[in-house]
Amino acid sequence: MSRGIAILGSTGSIGRNALRVIEALGPDYRIVGLSAHTNVELLAEQVRRYEPKLAAVTDGPHAERFRALMNGQNLAVLSGPAGLTELIRGDGVDTVLTAVVGAAGLPSALAAAKAGKRLAIANKEPLVIAGELLTRTAREHGSALLPVDSEHSAVFQAMQSGSTREVDRILLTGSGGPFRGATRETLRNVTREQALSHPVWSMGPKITIDSATMMNKALEVIEAQWLFGVPVDKIDVLIHPESIVHSLVEFVDGSVVAQLGEPDMCLPIQYALTYPQRVPGVAKRLRLEQIGRLRFEKPDPQTFRALPLAYEVARAGGTAPAVFNAANEAAVEEFLAGRIQFLQIMDLVENCLNRHSVRPAESLEELLEADVWARREVREMLGG
Ligand SMILES: NC(=O)c1ccc[n+]([C@@H]2O[C@H](COP(=O)([O-])OP(=O)(O)OC[C@H]3O[C@@H](n4cnc5c(N)ncnc54)[C@H](OP(=O)(O)O)[C@@H]3O)[C@@H](O)[C@H]2O)c1
């Protein structure tokens, strides 16, 4: 089976790992398109090495710089946010790996589903914002949605032991991030650098902060609801500091099926690309005798408010998840820029949700409107 792959966000942490995975998979897996937002130097290196026919640069001024860098290269350069949607429609693209960060990936993920592409989904935010729309569109157009998030890849693998009807509970694991065991008091003065030092995973800055607030796990609960068609009340979170058991599924007969591996994104990226096949790859092998001990704990919903909020938001539906996600994206941006304290991130998200009147939302436009509203609201709350 031969695949033509477009990586949306090839300059990011997932994108760079995906290139390593695909290179090792051999000639049946061809890189047809790549995209960057601002890191055009790295994109230029990737183009020289992997020779895709298409490249997109979503940030306008950087696209001009990239064109100048690529002068003379046999390459079609697409630019602006619409460049991603054009990229997925490119000749020879049958598989799209969504590895851009945030809501910016929503229009292209939806377009890929509409075009019936195989969608390897790392970019979780579109599923959170538009889970119903995205999964329905994929179903209607024969697009397969394959999870890349390590927890969802684990659930996807465990689900092959039974049917959705037979699932009693999905147990998503999480390392607990850099502040596992902390109280609100100890979190009051944590710095950007402390929040960016994840004990297990090396990832982009936005998801690293989301791991510190537990917003990442909150987004994952909503993501799992849509990927697996299971109500959120059947999805639980377990803190597992070693990050070896990537998630578990408990079936109605009491049998619990888990997927284990080293904390290495190469494995779930590869499985999303090769599924239903398994082939040797670059992921680090697990040696349990070297790990020794695996711990599991209940999360602390009082300190990490993101988790209980996720359940409320999922039950509310409509525009609520879009507001939840956008308020968080805006607040994380403020924190990374050094303009707010760590605890203010979730305070802003919670206040934004409190100010929002949830509406049903069926179209992309309605969801994007809620996203814009939430970002403006966060700026207003900060007096901007
Ligand atoms: N990293 C992980 O281990 C991991 C695990 C599970 C799920 N995920 C999910 O995968 C996604 C990517 O995470 P990451 O850690 O790889 O992030 P990252 O390292 O920050 O990379 C983000 C990528 O998106 C591009 N980008 C940024 N803003 C954009 C915009 N407005 N429009 C289009 N492209 C944009 C970046 O381009 P430039 O760098 O060129 O500016 C880069 O290629 C996130 O949704 C995250 O939640 C990540």
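Computed values, structure above
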item: Residue check, residue 155 of a type in the set (A, V, I, L, M), crowded, with 24+ Cβ neighbours inside 10 Å, part of a loop (DSSP other than H, G, I, E, B) and within 16 Å of the ligand (Cβ to nearest atom); result: no
item: Residue in region 246-279 that is surrounded by the most Cβ atoms within 10 Å (Cβ to Cβ), counting only those that are in a strand (DSSP E or B) and within 16 Å of the ligand (Cβ to nearest atom); result: 247
item: Failed condition for residue 180, given (1) part of a loop (DSSP other than H, G, I, E, B); (2) farther than 20 Å from residue 297 by Cβ; (3) basic (Lys, Arg); result: (2)
item: Residues of region 130-152 satisfying the condition of being surrounded by fewer than 23 Cβ atoms within 10 Å (Cβ to Cβ) and β-branched (Val, Ile, Thr); result: 135, 137
item: Residue that is out of contact with any helix residue (DSSP H, G or I) (no Cβ under 6 Å at 6 or more places or on another chain) and either closer than 18 Å to residue 371 by Cβ or modelled with pLDDT of 95 or more (or both), where the choices are 158, 122; result: 158
item: Given (1) free of Cβ contacts under 8 Å to residues at least 24 places away in the same chain; (2) buried (at least 17 other Cβ atoms within 10 Å of the Cβ), number of the condition residue 64 does not satisfy; result: (2)
item: From the options 163, 143, 108, residue that is in contact (Cβ under 8 Å) with a residue 40 or more places away in the chain and among the hydroxyl-bearing types (Ser, Thr, Tyr); result: 108
item: Any chance residue 3 is basic (Lys, Arg) and within 16 Å of the ligand (Cβ to nearest atom); result: no
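The values are calculated or read from the model by the stated rules, or taken from the named source; none is laboratory data. Here the structure is a predicted model, which means the values were calculated and not measured. Don't worry about glycine lacking a Cβ; one is built from the backbone with ideal geometry, like all the others, and counts go over all protein chains shown.
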